Amino acid sequence: VQLQAYGGGLVQAGGSLRLSCEASGRTFSRYYMGWFRQAPGKQREFVAAISWSVGSTYYADPVKGRFTVSRDNAENTVYLQMNSLKPEDTAVYYCAASNSGTYYSVIHMYYLWGQGTLVTVSS
């Protein structure tokens, strides 16, 4: 099983990007699909998560109202729509899968990670 994240790029402040994370391979267990990001010199942090079956969504405070996480069960893909981007959103964004029914924002609860996609927001 692999997760492949793509859709990153360079965008001006105030712009938008949509990240995609496609799961390929055999069926795998997942309760939450999460997005995390890691800026240069900083620790990886939670951005957003979605419960795969119900579709409940959760966001970190810095991105609430600007980012939207969604999923397409048929396409085995999770998305992160990012609007009103700010320079501080610059980071490598990772998608991940968790089979824990709790702690959707805790990094070590995620067992399967994609390779990351770089988002750069210029001022």
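Worth pointing out:
- Residue that is surrounded by the most Cβ atoms within 10 Å (Cβ to Cβ) [pool: residues in segment 1-27 that are touching a Leu at 6+ places or on another chain (Cβ under 7 Å) and either of a type in the set (Val, Ile, Thr) or under 24 Å from GLY101 (Cβ atoms) (or both)]: CYS21
- If the condition is being closer than 16 Å to SER20 by Cα, surrounded by 19 or more Cβ atoms within 10 Å (Cβ to Cβ) and not hydroxyl-bearing (Ser, Thr, Tyr), then segment 74-92 contributes VAL78, LEU80, MET82, ALA91.
- Contact map, segment 55-76: first residue in contact (Cβ under 8 Å) with a residue 24 or more places away in the chain and more than 18 Å from TYR103 (Cα to Cα), second residue of a type in the set (Gly, Ala, Ser) and in a loop (DSSP other than H, G, I, E, B), Cβ cut-off under 7 Å, separation 6 or more or different chains; pairs are ARG71/GLY55.
- Filter result for TYR59 (in contact with a strand residue (DSSP E or B) (Cβ under 8 Å, 6 or more places away or on another chain), open to solvent by 10 Å² or more (accessible area, probe 1.4 Å), within 16 Å of LEU118 (Cα to Cα) and of a type in the set (Ser, Thr, Tyr)): no
- Hits in segment 1-31 (condition: among the hydroxyl-bearing types (Ser, Thr, Tyr), at pLDDT 95 or above and over 9 Å from CYS95 (Cα atoms)): TYR6, SER16
- Residue match in segment 36-43 (condition: surrounded by 15 or more Cβ atoms within 10 Å (Cβ to Cβ) and either touching a Pro at 6+ places or on another chain (Cβ under 8 Å) or closer than 19 Å to ARG18 by Cβ (or both)): yes
- Some residue of segment 3-19 being among the charged types (D, E, K, R) and out of contact with any strand residue (DSSP E or B) (no Cβ under 6 Å at 6 or more places or on another chain): no
- Selected residue [closer than 22 Å to THR120 by Cβ and open to solvent by 20 Å² or more (accessible area, probe 1.4 Å)] from ARG71, ARG66: ARG66
The values are calculated or read from the model by the stated rules, or taken from the named source; none is laboratory data. This one's a predicted model, so the numbers in the text were calculated from it and none came from an experiment. Positions of Cβ are generated from backbone atoms using ideal geometry, with glycine treated the same way; all protein chains shown enter the neighbour counts. Just so you know, the surface numbers come from the protein's heavy atoms only, side chains and all, with ligands and any DNA or RNA stripped out. Shrake-Rupley method; radii C 1.70, N 1.55, O 1.52, S 1.80 Å.
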